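Heads up: the structure comes next, in structure tokens.
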Amino acid sequence: MTTTQKGSAPEHPAPESGKSSEAQPPVELAAADFPIVGIGASAGGLAAIEAFFSGMPADSDPGMAFVLVQHLAPDHTSILTELVQRTTRMKVFEVQDGMAVQVNCVYIIPPNRDMAFLNGTLQLLEPSAPRGHRLPIDFLFRSLAQDQHERAIGIVLSGTGSDGTLGVRAIKGEGGMVMVQNPDSCEFDGMPRSAVATGLVDYELPPAEMAVQLLAYVGHAFGKPPRVATVAAPQNENALKKIFILLHTQTGHDFSHYKTSTIYRRIERRMAVHQVDSIDSYVKYLQQTPLEAQELFRDLLIGVTNFFRDPEAFEVLEKQVIPKLFDGKTAGAVIRVWSAGCSTGEEAYSIAILLQERLDLLRQSYKVQLFATDIDSRAIATARAGIYPANIAGDISPARLARFFTAESDGSAYRVRKGLRDMLVFSEHDLIKDPPFSKLDLISCRNVLIYMGTDLQKKLIALFHYALMPGGMLFLGTSETVGELSGLFAVLDRKAKVYQSKEDFQGPKRTAISRVLSHLQPATARNGVRALMAGPTTLPTRKPSLRELTEQALLQQVSPAGALVNDQGDILYLHGRTGMFLEPAAGDAGINNILKMSREGLRRDLTTALHKAAITNERVRTPGLRVKTNGHFTLVNLTVCPLTQGVATALESSLFLVILEEAPAPDAHEGPQAVLPFIADKDAGAQIAELNEEIRTQEEHLHAANEELETSNEELKSSNEELQSVNEELQSTNEELETSKEELQSINEELATVNTELQTKVTDLSRANNDMNNLLAGTGIGTVFVDHDLRILRFTPAATPIIHLIQSDVGRPIAHLASNLVGYDNLVADSQSVLKTLLPKEIDVMTTEGKSYTLRILPYRTLDNVIEGAVITFVEITEMVRAREALRAANELARLAVVVRDAFDAITVQDLDGRIIAWNPGAVRMYGWTETEALKMNVRSRIPAALQQESLASMHRLSHSETLEPYQTQRIAKDGSIKDISLTSTALVNESGQMYAIATTERTLAPKITQAVEARNASPE
């Protein structure tokens, strides 16, 4: 073929990307115009996913959306969304049906769902395949390729099996990009190795390095305005011509007749992979890197194909086309089919399966020759090997899979069975320059012409007509037609693009096909292609000559009866009247065997002669056989001739011509003369009787031996059928075991994924448990957890001084434990009350050490709001109680201070030495000294000299009594005046009962009282 671009849609024009601005060199992508990255992972993929997203920039958005598919157990709730959210600044969602995809977001598949991408939304579907056969990564990748085309990016991470391989082909077929985790960095390398084996992977990197390369590719491929490939500048045209020359030099294939838009799009993709800015720079890179020419060549030949692709078209092929191939064909005829552009062989094998099923239905012997060709040597090597990944089970029915394929021992692939493989001949072939096959009944060339220019399409359509037999079938892709050459073909099914070759191919059209064939180079035919080009040598229909008419008449009148058989005696063709020698055998009507149909007297010698001819490959003749015919015996001459030329050389088994002719009866006069010498003897009669008896005995013995041999053969046949039945049962059992193995492998992958998630969750829980323990220990709050029966579940160290607890007390009822609480023994009753009413309780308690605590009892609630016990906490409030007492005392003092401050009387305090230590505002008003001045004075400086002895006597009396009755005296003011006052003195006593100060309350007397005092002071004692 000229390309292996199987079944992909025609190239789409470059999508509009965001336009760049002079003020902002980095180009922003439009909101609905951003790449979609599909990520597939299985067992061991969690670490790779975390490493991938950890490599994303933490300070900027990537300008992409990510859709993540992982093999998950259908009945397990995944925590993958939470795990991914920790490693990225993007929003992470678990997909809901119909969710629209937005840029800079991550979308994760939910368990037990298949997910597809359609029109910018994610659609969830119930899995149709049984567990163990599901391929969710392929399912997503294929839909992503169909919807996003060149904006689809696929990433395959760690996992077992081959899921994702077919999706990689689909993405590459639409011009997308593929990344695969380096197998050396994988925990399980099955999926990455299967993807790498396709030869379509652009980057093979560890997960941590993927993000940088991905951003570089997207920035180069989509971060600039698209080039218009349909109107190429002259400079670009010259560059394309240089690329064509380099490709032709390196690969020997000419791509100059392909569509320019197709070629240019592929070149742009290669430029994006290598971050090359201009096509001229790429031409230089192509010249300097010979391997790049091979990579570009393979990029142009991306084969996107699978078994029975476009099921509706193959249904038309099965029901309408294949039966027509056998119509009018006699047994032993040759059916020639050409699958052009077969890629890796899936389509060719699909056609072979349909042909084989038709052969089984017809139950006749036909020779099928199916030629499958492609320009890509690597694709042909894959097709010849006939080994395909296990995910082809999604494209082939279970019945066909079991009949035409065998599973590999490790369950990772299927191998085409030998019987089907032998029907096909694979060869490397270029449609443009290599000569075509001829005299074909069917040509399948699907999704190849769409990538070629109009002129080349016309030439190839004419070439196909030349290669087809009159009435032959042409099977094209859904986007292809015969175009202007519709006069050469009749439309058999317009939707499936099935055409039938017309016979009236004359005049100018024959000249046109001659021009097409004139440039072909037969010398370039490879791998035995030339030897397969010629079809069956059938002469064109013409008027027979007189010689031929004479020979045909003589054959009809003179030629003996004969049969063409194979080495087993199966009749392929009968000639003449054979009823005298053969008759239908009793039993099931199947393939007619000449040995079973032979009449009495012929079977034994025919079996011997056919066996001898097969061994010696020489003619064997047995004359004068007595064959029983219609109640009497007929003499028959038997001849068996091996065929060594012609059609026999093209068949798998040897052919033999069995000739049966009636022998002439012996002359009656010659017979007696011949035996006269023998019968002249006197004992002739006795000898003849003896000989006849011996012959009869030998015949009976031989007949018995033949019957025993036939019986043995029947027994062996029966045993063989039983063994075949046992073999089929064993094979069925083996297939069931293979299916179970695949299911177990899938379950193992799911368990590995679940195990990884659980390990991560256990790590998180362990960290949270450590944090909680340290938090509870750091707060110093004594906490005891109890269940419904008030049995201890766990406790913190701070609770041990209050309730005597040790680690072995876990599980014991709290009522069995002693506590240091004073005056409180209702802990059990209060806990039961809380569990009953679900109302918390709070009590202040004290321990024997004098420490105070707030005891709180609350119900223990789970996240599901289920009560599973109670929580008892002890919060130490000793300092709070002390502060409360101090505050109370301070409040009392404050109230007294208010009294002192606001009293109109002068209130003072002096120590036992007379130093003033308190002086209220009433004293300031009464005496004139400020508080500061007064605190520096001694009370003696305020007492007149005549009254100081009296004051000392009053103090002496005060030491024996806490309070003295008020008495009248005098005090000196600041201005030197004498104040007549009423004085009340009170002793201030500490806790030990000792007086440490004297408090006085002084009040100014009225004038009358003052006169009386002065008179009293003036009278002699």
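The values are calculated or read from the model by the stated rules, or taken from the named source; none is laboratory data. Model, not experiment: these values are computed from the prediction. Cβ: placed from backbone, ideal geometry, glycine included. Neighbour counts: every protein chain shown.
For the condition at pLDDT 85 or above, among the basic types (Lys, Arg) and under 30 Å from Asn826 (Cα atoms), what is the one hit in Arg915, Arg884, Arg925, Arg856? Steps first, answer last, please.
Values: Arg915 fails: under 30 Å from Asn826 (Cα atoms); Arg884 fails: at pLDDT 85 or above; Arg925 fails: under 30 Å from Asn826 (Cα atoms).
Matching residue, one of Arg915, Arg884, Arg925, Arg856: Arg856.
Output the residue which, of all residues in the range 415-433 that are touching a strand residue (DSSP E or B) at 6+ places or on another chain (Cβ under 9 Å) and acidic (Asp, Glu), is farthest from Leu354 (Cα to Cα).
Asp430
Would you point out which residue out of Gly190, Gly167 is buried (at least 21 other Cβ atoms within 10 Å of the Cβ) and at pLDDT below 85? Working first, answer last.
Numbers: Gly167 fails: at pLDDT below 85.
None of the other options fit; the residue is Gly190.
Residue check: is Val212 modelled with pLDDT of 80 or more and not in a helix (DSSP H, G or I)?
On the way: modelled with pLDDT of 80 or more: yes; not in a helix (DSSP H, G or I): no.
Against the criterion (modelled with pLDDT of 80 or more and not in a helix (DSSP H, G or I)), Val212 does not qualify.
Within the range 290-308, identify whether any single residue is in contact (Cβ under 8 Å) with a residue 60 or more places away in the chain and in contact with a strand residue (DSSP E or B) (Cβ under 7 Å, 6 or more places away or on another chain), and answer yes or no.
no
Looking at Glu710, is it at pLDDT below 65 and within 28 Å of Ala331 (Cβ to Cβ)? First the steps, then the outcome.
On the way: at pLDDT below 65: no; within 28 Å of Ala331 (Cβ to Cβ): yes.
Answer is no for this residue.
For (1) in a strand (DSSP E or B); (2) touching a residue at least 24 places away in the same chain (Cβ under 8 Å); (3) of a type in the set (Phe, Trp, Tyr); (4) touching a Leu at 6+ places or on another chain (Cβ under 7 Å), each residue gets a yes or a no:
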{"position": "Ala897", "(1), (2), (3), (4)": "no, no, no, no"}
{"position": "Gln910", "(1), (2), (3), (4)": "yes, yes, no, no"}
{"position": "Ala918", "(1), (2), (3), (4)": "yes, yes, no, no"}
{"position": "Trp929", "(1), (2), (3), (4)": "no, yes, yes, no"}
{"position": "Lys936", "(1), (2), (3), (4)": "no, no, no, no"}
{"position": "Arg940", "(1), (2), (3), (4)": "no, yes, no, no"}
{"position": "Gln949", "(1), (2), (3), (4)": "no, no, no, no"}
{"position": "Met955", "(1), (2), (3), (4)": "no, yes, no, no"}
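Need the failing condition index for Leu655 against (1) modelled with pLDDT under 90; (2) surrounded by fewer than 18 Cβ atoms within 10 Å (Cβ to Cβ), just the number.
(2)
State the number of residues belonging to the range 585-611 that are within 60 Å of the chain's Cα centre (by Cα) and not in a helix (DSSP H, G or I).
Number of matching residues: 9.
Of these, Ala890, Ala918, which one is over 26 Å from Asp980 (Cα atoms) and not assigned by TED's automatic domain parsing to the domain that holds His804? I'd like the intermediate steps shown before the answer.
Details: Ala918 fails: over 26 Å from Asp980 (Cα atoms).
Exactly one of Ala890, Ala918 is over 26 Å from Asp980 (Cα atoms) and not assigned by TED's automatic domain parsing to the domain that holds His804, namely Ala890.
Filter the range 358-400 for residues that are among the aromatic types (Phe, Trp, Tyr) and closer than 30 Å to Gln250 by Cα; which is nearest to the chain's Cα centre (by Cα)? Talk me through it step by step, then tell me what you get.
Of the range 358-400, the ones among the aromatic types (Phe, Trp, Tyr) are 366, 371, 388.
Applying the additional criterion that residues be closer than 30 Å to Gln250 by Cα yields 371, 388.
Values: Phe371: 35, Tyr388: 17 Å.
Per the stated criteria, the residue is Tyr388.
Listed here are the residues, each with its yes/no results for (1) free of Cβ contacts under 8 Å to residues at least 24 places away in the same chain; (2) small (Gly, Ala, Ser); (3) in the same structural domain as Gly199 (by TED's automatic domain parsing).
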residue	(1), (2), (3)
Val368	no, no, no
Ala379	no, yes, no
Thr382	no, no, no
Pro398	yes, no, no
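Kindly evaluate Ile803 against the criterion of being more than 52 Å from the chain's Cα centre (by Cα) and either among the β-branched types (Val, Ile, Thr) or assigned by TED's automatic domain parsing to the domain that holds Leu83 (or both).
So Ile803 passes the test.
State yes or no: is Ala870 in a helix (DSSP H, G or I) and either touching a residue at least 40 places away in the same chain (Cβ under 8 Å) or not assigned by TED's automatic domain parsing to the domain that holds Ala918 (or both)?
Against the criterion (in a helix (DSSP H, G or I) and either touching a residue at least 40 places away in the same chain (Cβ under 8 Å) or not assigned by TED's automatic domain parsing to the domain that holds Ala918 (or both)), Ala870 does not qualify.
Could you look through the range 230-269, keep only residues that are hydroxyl-bearing (Ser, Thr, Tyr) and surrounded by 14 or more Cβ atoms within 10 Å (Cβ to Cβ), and pick out the one that is modelled with the highest pLDDT? Talk me through it step by step, then tell me what you get.
Just the residues of the range 230-269 that are hydroxyl-bearing (Ser, Thr, Tyr), to begin with: 230, 249, 251, 256, 258, 260-262, 264.
From what is left, the residues that are surrounded by 14 or more Cβ atoms within 10 Å (Cβ to Cβ) are 251, 256, 258, 260-262, 264.
Working: Thr251: 78, Ser256: 78, Tyr258: 81, Thr260: 78, Ser261: 77, Thr262: 77, Tyr264: 76.
My answer is Tyr258.
Looking at (1) under 15 Å from the mean Cα position of the chain (by Cα); (2) in contact (Cβ under 8 Å) with a residue 40 or more places away in the chain, find the lone condition where Glu174 falls short.
Tallying (1) under 15 Å from the mean Cα position of the chain (by Cα); (2) in contact (Cβ under 8 Å) with a residue 40 or more places away in the chain, Glu174 fails exactly one: (1).
Any residue that is out of contact with any helix residue (DSSP H, G or I) (no Cβ under 8 Å at 6 or more places or on another chain), assigned by TED's automatic domain parsing to the domain that holds Gly345, small (Gly, Ala, Ser) and buried (at least 20 other Cβ atoms within 10 Å of the Cβ) - is there at least one of those in the range 470-477?
Checked the range 470-477: at least one residue is out of contact with any helix residue (DSSP H, G or I) (no Cβ under 8 Å at 6 or more places or on another chain), assigned by TED's automatic domain parsing to the domain that holds Gly345, small (Gly, Ala, Ser) and buried (at least 20 other Cβ atoms within 10 Å of the Cβ).
Take Ala352 and tell me if it is assigned to a helix (DSSP H, G or I) and free of Cβ contacts under 8 Å to residues at least 12 places away in the same chain. Spell out the reasoning first.
Details: assigned to a helix (DSSP H, G or I): yes; free of Cβ contacts under 8 Å to residues at least 12 places away in the same chain: no.
No, not satisfied.
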